[in-house]
């Protein structure tokens, strides 16, 4: 997994994550568990739910790998 954090004035502005299929499945499951945990803040759970509902963009892979 590659994780790039773009900063501005020592604060994170955005994050770019590149991962393989298994890593994505783990991240997705963790988001769903986070969303379902009543102990997490309501706003954070809502954001996790919105993240899970994002439709993927499929791009045909050409090359090694």
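For this structure, a couple of remarks:
- Taking region 49-65 as the range and being within 16 Å of residue 21 (Cα to Cα) and within 12 Å of the chain's Cα centre (by Cα) as the test, the residues that pass are 52, 56.
- Qualifying residue in region 7-23 (condition: out of contact with any helix residue (DSSP H, G or I) (no Cβ under 9 Å at 6 or more places or on another chain), surrounded by 10 or more Cβ atoms within 10 Å (Cβ to Cβ), modelled with pLDDT of 95 or more and assigned to a helix (DSSP H, G or I)): yes
- Scanning region 34-49 for residues that are surrounded by fewer than 11 Cβ atoms within 10 Å (Cβ to Cβ) and assigned to a helix (DSSP H, G or I) yields a count of 2.
- Filter result for the condition that a residue is on the phi < 0 side of the Ramachandran plot and touching a strand residue (DSSP E or B) at 6+ places or on another chain (Cβ under 8 Å), over 28, 40, 2, 20: 2
The values are calculated or read from the model by the stated rules, or taken from the named source; none is laboratory data. Owing to the predicted nature of the structure, the values given are computational and were not obtained by experimental measurement. Note that each Cβ is placed from the backbone with ideal geometry, even for glycine, and that neighbours are counted across all protein chains shown.
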